[in-house]
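Take a look at the structure below.
Readers should treat all values here as calculations from the given coordinates under stated rules, not as data from a laboratory. What you see is a predicted model, and the numbers here were worked out from it, not measured in a lab. Ideal geometry is used to build each Cβ from the backbone, glycine not excepted, and the neighbour counts take in all protein chains shown.
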């Protein structure tokens, strides 16, 4: 009888543990929005950006559509900092973004084109010493 009780308790513990693990895997939400050019106020269309979600160590490349829209699925639930970045643009950051389970969070990023600095080549004579 004692063995049956122990086996029953073990099976219950395993079942609860498996249920808790499966439930945690579904705790995600979606972030979607628009990326617009800060100067022209027009959408940045058909462009690939990198999205970094700091707290979750989550990185994903996103591609905007013709209207500058993007969507990031399976973002872990919680408060995050999201950084949108691309060569040629300054990084755009949103802090305290709260992602809730099963919900879609809509946000807008404004990006600014990076100013290109042109440096004149530095040419200077060198001296060769023999040893």
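Between residue 110 and residue 90, the simple label model (points 7 Å from Cα in the Cβ direction) yields a spacing of 1.1 nm.
Dimensions of segment 28-111 from C-alpha coordinates, computed as largest minus smallest value along each principal axis and given longest first, are 34, 20, 18 Å.
Label sites at residue 37 and residue 54, each approximated as a point 7 angstrom past Cα along Cα to Cβ, lie 2.9 nm apart.
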